[in-house]
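Undergrad: Provided herewith is a single structure, encoded as structure tokens, for subsequent inquiry.
The values are calculated or read from the model by the stated rules, or taken from the named source; none is laboratory data. A quick note: this is a predicted structure, and the numbers were derived from the prediction, not measured. Neighbour counts run over all protein chains shown; Cβ positions are idealised from the backbone, glycine included. Remember, those area values only see protein heavy atoms, side chains included, never the ligands or the DNA or RNA. Shrake-Rupley method; radii C 1.70, N 1.55, O 1.52, S 1.80 Å.
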Amino acid sequence: MAGVLPTFGPFGPLPPSDEFGIKETRPRLAGRRAGGYDLVERMEYLYVRVVKARGLKWSGAFDPLAEVKLGSYSCATRHIEKTVTPEWNDVFAFSRERIQATFLDVVIKGKGFAKDDYVGKLRFDLADAPLRVPPDSALAPQWYHVLDKKSERGGEVMLAVWFGTQADECFPLAVHADAAFAADAKIAAHIRCKQYTVPRLWYVRVNVIEAREIAFADKARVGEVFVRTKIAAQVHRTRVCTSRLPSYGWNEDHLFVAAEPFEDRLILSVEDRVKVDKEEVIGHVHIPFSEFERRWDTRPIRPRWFNLVRPEGAPKIDKFSAKICVRLCLEGGYRVLSEPVHYLSDVRPAARELWHKRPPIGLLELGIHNAFGLSSMRTRDGRASCDAYCVAKYGVKWFRTHTVIDSLAPRFHQQCLWDVHDHCTVLTVAVFHNSQIGEKGGLVTGDPVKDVLLGKVRIRLSTLETGRIYTHAYPLISLHGGGIKKTGELQLAVRFSSTSTLGLLQTYARPHLPPMHYHYPLSIVHQETLRREAVALIAERLGRMDPPLRRECVEHLCEAHSHRWSLRRSKAHFFRIMAALAPLFAALKWFVDVCHWRNPPTTIVVHIIYAMLVCCPNLILPTFFVYKFLNGLWNYRRRPRHPWHVDTRVSYAEMAHKDELEEEFDDFPTARPPEVVRMRYDRLRSLGARIQEMVGDVAAHVERARCAMTWRDPRATALYLLTCLFLAVTTFLAPFQAVALLTGFYVMRHPSLRQRLPDVPANFFRRLPCKVDCLL
């Protein structure tokens, strides 16, 4: 099971990076075992844990709370109504580098008290605070007397004060009291660090077979019946079946996404389409998930019958006994795809019974150092400001750092740890601006304000060397309708340690996804639909946690909008194909130069090598593989030294037109003016016309190749068959080496033996008919 631990360790500062680039510090071998706390700097904090109070003395009822003061910093616990023995158990953290006072004051007062009124006060000398570093045992709190204004005992308070680091188990629960808004408990909860566990997702398969004993109030009616299936907000419906008999059949599969623990129910509703725009419910049934069978193989699921219930207010039907037959199944053999296949961070199936087939093969450690040069997201007191936090996503464990308030160079220095079950996966780290805090934040105004994405970093584990620490400053790139912008840089340290070298190598021979994806593959349309539902379900579940991870964060991390049309992305994919085929084009150009004798010595050497291979064909494959081996060794000295990062040139973001970006980030359906929509439509028509012409040329060439044998052009087919007969006799009588040598020497003949006109085979092929004559 994956785990995330906030950890620390000694680490030096990192140099700044170049514009839109990545700055690399020298990778070093791990000096400790995998899982050591050595990827981030050590940051010290003063922790104050206020547990409870007793025996508080005050004239009258009051709502006690504890206020902690350290120099100019002040924060308070929540108030407990009408009691003299309150229990708070709140933890506050002060950054040691910001501490300027030597004493800590703890004041017990009531809600609504005047500024100078209090029940009791305690002063603690920071020189007496011990230093605690895990794995040291937790510091036990103790009782202290508090004194009122008359220096008399006003009760007792239990607290603990110590110096610690971000490795302390209280760090995720602590309120950073030296930050702004720390006094507001509601806002303080939204700036804490948090570990989130993504719920285990299942595909739900509902096979609607048939319904019987369907009756209508009008007995003469020929029903147009269909079945509507629903789980939460996911709704599907079958086709309409018309029958004069009381039985109707469909045999259709409906797929849903559900998350553990299962809270919803499946609702089957048999409905009659009375009119085009009017539907009436004949009967329905609610089925809990406990009735579903679970499977993780290809075994068949037995059908089951369920009695339908008439809805309230529907016309009564005598002896209503309608029932429906369905197959219900929780598919545990699939991996529910909540992210694109290219960015998968976990490939295990939903059923735990299959997890033993993919045991952990390594550990992934991530150290989130700091960010610098962040763009200003708001202004405070007339100066630029940003409230940044990071979210790291890998597998079912997501880790969110605390929000560093009012800083363009926030320091996080937190470390995460995951088990790795497949190293051909991707780690995603995103930086967001917290728009919920501040004077105009969503928590203050109550308006739905979205957190702003500052940039993302993706690291593919298979590109990392085992046991090596990579420390880099990654650029944060923000792309929006107004263009591309560098919003800062994020410094990370990553280490992938293998616990099983044999298991690591065996993963290259395994299927990337669980076997069910290949036994019963899902269509592309189904996958995209279910992926959107999975992202919505994850966002809904993580939004319940405290603090909630907002929906926009989940959508950005899961690439929820990657399926949208983007002209910029289409151009990027085209140029990616061209770049990937560049070596092939270069080889073809080199061969053309050889055939045209641009470099006679090279052409002569190629003739000699070709003759050797033709005379000794058993050397062809060994020569090819030796060439690949030597080429790979030659490329080793130029191997990549750091992981990939977001590249604006590969993304075609620098050359994208502003209107193309506005179209990419436009809502669906669009709300743009008609003239803008018309311009985009005309541009898409122009692009589609060019693609249409290319597809037509390819279709014409394929049809010509087929028409050579179909006697559509009798003379051309006769010539083709006679040529085939002649070549068959020639190749049978002549030795293979002679035919191959003559063919190769003919292709590479000297330019003086060539002509500028096309060859006879090309002329013959171009004259063959195609079905373009049949088009309107």
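Undergrad: Just checking, does segment 244-251 include any residue being within 40 Å of the chain's Cα centre (by Cα) and closer than 24 Å to residue 530 by Cβ?
TA: For segment 244-251, residues within 40 Å of the chain's Cα centre (by Cα) and closer than 24 Å to residue 530 by Cβ: present.
Undergrad: Within segment 448-471, how many residues are at positive phi and either in a strand (DSSP E or B) or acidic (Asp, Glu) (or both)?
TA: So the count comes out to 1.
Undergrad: So which strands (runs of 3 or more DSSP E) stay within segment 337-409 end to end and still have 2 or more residues that are within 26 Å of residue 559 (Cβ to Cβ)?
TA: In segment 337-409, 362-372, 388-394, 397-400 are the strands (runs of 3 or more DSSP E) which contain 2 or more residues that are within 26 Å of residue 559 (Cβ to Cβ).
Undergrad: Also, quick follow-up: Enumerate the strands (runs of 3 or more DSSP E) found wholly within segment 207-319, keeping only those where 2 or more residues are β-branched (Val, Ile, Thr) and within 25 Å of residue 334 (Cβ to Cβ).
TA: 223-231
Undergrad: Something else: From the list 653, 671, pick out the single residue that is crowded, with 17+ Cβ neighbours inside 10 Å and on the phi < 0 side of the Ramachandran plot.
TA: 653
Undergrad: Continuing with this model, one more query. Which strands (runs of 3 or more DSSP E) does segment 104-172 wholly contain that include 3 or more residues that are more than 50 Å from the chain's Cα centre (by Cα)?
TA: Output list reads 142-147, 153-165.
Undergrad: Let me ask you something else. Restricting attention to segment 694-708, does a residue exist that is in contact with a Leu (Cβ under 6 Å, 6 or more places away or on another chain) and in a helix (DSSP H, G or I)?
TA: Scanning segment 694-708, I find at least one residue that is in contact with a Leu (Cβ under 6 Å, 6 or more places away or on another chain) and in a helix (DSSP H, G or I), so the answer is yes.
Undergrad: Restricting attention to segment 699-716, does a residue exist that is surrounded by 13 or more Cβ atoms within 10 Å (Cβ to Cβ) and β-branched (Val, Ile, Thr)?
TA: There is no residue in segment 699-716 that is surrounded by 13 or more Cβ atoms within 10 Å (Cβ to Cβ) and β-branched (Val, Ile, Thr).
Undergrad: Of the residues 492, 504, which single one is touching a strand residue (DSSP E or B) at 6+ places or on another chain (Cβ under 9 Å), under 26 Å from residue 542 (Cα atoms) and not in a loop (DSSP other than H, G, I, E, B)?
TA: 492
Undergrad: So, residue 660, is that one within 30 Å of residue 431 (Cβ to Cβ) and under 38 Å from the mean Cα position of the chain (by Cα) or not?
TA: It is true that residue 660 is within 30 Å of residue 431 (Cβ to Cβ) and under 38 Å from the mean Cα position of the chain (by Cα).
Undergrad: Oh, and also: Only one of (1) aliphatic (A, V, I, L, M); (2) in contact with a Leu (Cβ under 9 Å, 6 or more places away or on another chain); (3) farther than 17 Å from residue 340 by Cβ is not met by residue 452, so which one is it?
TA: Checking residue 452 against (1) aliphatic (A, V, I, L, M); (2) in contact with a Leu (Cβ under 9 Å, 6 or more places away or on another chain); (3) farther than 17 Å from residue 340 by Cβ, the one that fails is (2).
Undergrad: Could you figure out which of (1) of a type in the set (A, V, I, L, M, F, W, C); (2) under 27 Å from residue 576 (Cα atoms); (3) open to solvent by 50 Å² or more (accessible area, probe 1.4 Å) isn't true of residue 677?
TA: Condition not satisfied by residue 677: (2).
Undergrad: Among the residues of segment 5-24, are any assigned to a loop (DSSP other than H, G, I, E, B), crowded, with 16+ Cβ neighbours inside 10 Å and at pLDDT 85 or above?
TA: No: segment 5-24 contains no residue that is assigned to a loop (DSSP other than H, G, I, E, B), crowded, with 16+ Cβ neighbours inside 10 Å and at pLDDT 85 or above.
Undergrad: Residue 648 - would you say it is outside any helix (DSSP H, G or I), in contact (Cβ under 8 Å) with a residue 60 or more places away in the chain and either farther than 30 Å from residue 486 by Cα or not aromatic (Phe, Trp, Tyr) (or both)?
TA: Judged against the criteria, residue 648 is a match.
Undergrad: Is it true that some residue in segment 416-434 is crowded, with 17+ Cβ neighbours inside 10 Å and at positive phi?
TA: no
Undergrad: Moving to a separate point now. Does residue 752 qualify as being closer than 30 Å to residue 608 by Cα, small (Gly, Ala, Ser), assigned to a helix (DSSP H, G or I) and open to solvent by 50 Å² or more (accessible area, probe 1.4 Å)?
TA: The answer is yes for residue 752.
Undergrad: Mind telling me which of the residues 499, 507 ends up being more than 30 Å from residue 299 (Cβ to Cβ) and out of contact with any Lys or Arg (no Cβ under 8 Å at 6 or more places or on another chain)?
TA: Unique residue meeting the criteria: 499.
Undergrad: Next question. Tell me which of these residue 484 doesn't satisfy, since it passes every other one: (1) buried (at least 19 other Cβ atoms within 10 Å of the Cβ); (2) assigned to a strand (DSSP E or B).
TA: Going through the list (1) buried (at least 19 other Cβ atoms within 10 Å of the Cβ); (2) assigned to a strand (DSSP E or B), residue 484 breaks only (1).
Undergrad: Please find, within segment 48-63, the residue that is nearest to the chain's Cα centre (by Cα) out of those that are open to solvent by less than 70 Å² (accessible area, probe 1.4 Å) and modelled with pLDDT under 90.
TA: Looking at the filtered set, the residue picked out is 63.
Undergrad: Pairs only if they're at least six apart or on different chains, beta carbon under 7 angstrom, first in segment 104-133 and more than 14 Å from residue 68 (Cα to Cα), second open to solvent by less than 50 Å² (accessible area, probe 1.4 Å) and among the hydroxyl-bearing types (Ser, Thr, Tyr); list them, first residue then second.
TA: Close Cβ pairs (under 7 Å, with a partner that is open to solvent by less than 50 Å² (accessible area, probe 1.4 Å) and among the hydroxyl-bearing types (Ser, Thr, Tyr)) amount to 133/165.
Undergrad: Got a number for residues in segment 182-206 being modelled with pLDDT under 75 and either open to solvent by less than 20 Å² (accessible area, probe 1.4 Å) or closer than 30 Å to residue 347 by Cβ (or both)?
TA: Of the residues in segment 182-206, 4 are modelled with pLDDT under 75 and either open to solvent by less than 20 Å² (accessible area, probe 1.4 Å) or closer than 30 Å to residue 347 by Cβ (or both).
Undergrad: Mind checking whether some residue in segment 576-588 is buried (at least 16 other Cβ atoms within 10 Å of the Cβ) and either in contact (Cβ under 8 Å) with a residue 12 or more places away in the chain or in a helix (DSSP H, G or I) (or both)?
TA: no
Undergrad: From the list 568, 551, 564, 541, which residue is buried (at least 16 other Cβ atoms within 10 Å of the Cβ) and modelled with pLDDT under 90?
TA: Checking each option against the conditions leaves just 568.
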